[in-house]
Amino acid sequence: MLVKAPQNRLDPPAIVPDSWTLVEEGPARPGLIAPFEAWLESPDGAGVWVAGDAEVEEVEAHLSEAPVIAVRFPAFADGRGLTFGKLLRTRYGYDGELRAFGEIVPDLTEYMVRCGFDAFVLANRRQAEAAIACIQRMSDHYQGSVRQPLPPYRRVAEQP
């Protein structure tokens, strides 16, 4: 199941059909999300997936062309993919779809959204519905994030 995070505060997260197919190996081609090494050989129109423990500085120069980047989370307690996503968005300006897959715990999807992820591949509908509830749990946050860099007190202070 694919859950898409809201692009703005008015849109709710939703379960949507997945137009991409993630493959573990083989050549990259349009409609597929291929491993980084295979994607490098033929990136035209294909998505790419990388391990959450990859060094973003080593791969980011290639990734800006990818329409979708999927980050594999190998274990629910491994947060390196969060840093990878945040750096792609903030330091390297990636503005395509950033999705998380692997061991995704619905409770953490709210934090993943705040780190710049906008899609999540979950095992089943129950997990997808739990993720949606978690993403909607808070209407605003005190701290800034990738999605909303200014904290609320700064947004209020800067209004005319």
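The values are calculated or read from the model by the stated rules, or taken from the named source; none is laboratory data. This structure is a prediction, so every number in the text was calculated from the model and none was measured. Methodologically, a virtual Cβ is constructed for each residue, glycine included, from the backbone with ideal geometry; neighbour enumeration extends over all protein chains shown. Calculation scope for accessible area: heavy atoms of the full protein, side chains included, ligands and nucleic acids excluded. Shrake-Rupley method; radii C 1.70, N 1.55, O 1.52, S 1.80 Å.
What to note about this one:
- Pair list, Cβ under 7 Å, 6 or more apart: the range 107-127 residue open to solvent by 10 Å² or more (accessible area, probe 1.4 Å), other residue among the polar types (S, T, N, Q): R114/S145
- Among the residues of the range 21-41, the ones that are open to solvent by less than 70 Å² (accessible area, probe 1.4 Å) and either in contact with a Ser or Thr (Cβ under 9 Å, 6 or more places away or on another chain) or under 21 Å from P106 (Cα atoms) (or both) come to 6 in all.
- Every pair of residues 6+ apart whose Cβ atoms lie under 6 Å, when the first sits in the range 64-92 and is closer than 24 Å to G45 by Cβ and open to solvent by 40 Å² or more (accessible area, probe 1.4 Å) while the second is modelled with pLDDT under 90 and acidic (D, E): Y92/E60
- The range 1-35: number of residues that are within 16 Å of R72 (Cα to Cα) and touching a residue at least 24 places away in the same chain (Cβ under 8 Å): 6
- Selected residue (only one of G47, G52 is touching a Lys or Arg at 6+ places or on another chain (Cβ under 6 Å), surrounded by 19 or more Cβ atoms within 10 Å (Cβ to Cβ) and more than 21 Å from Q148 (Cβ to Cβ)): G52
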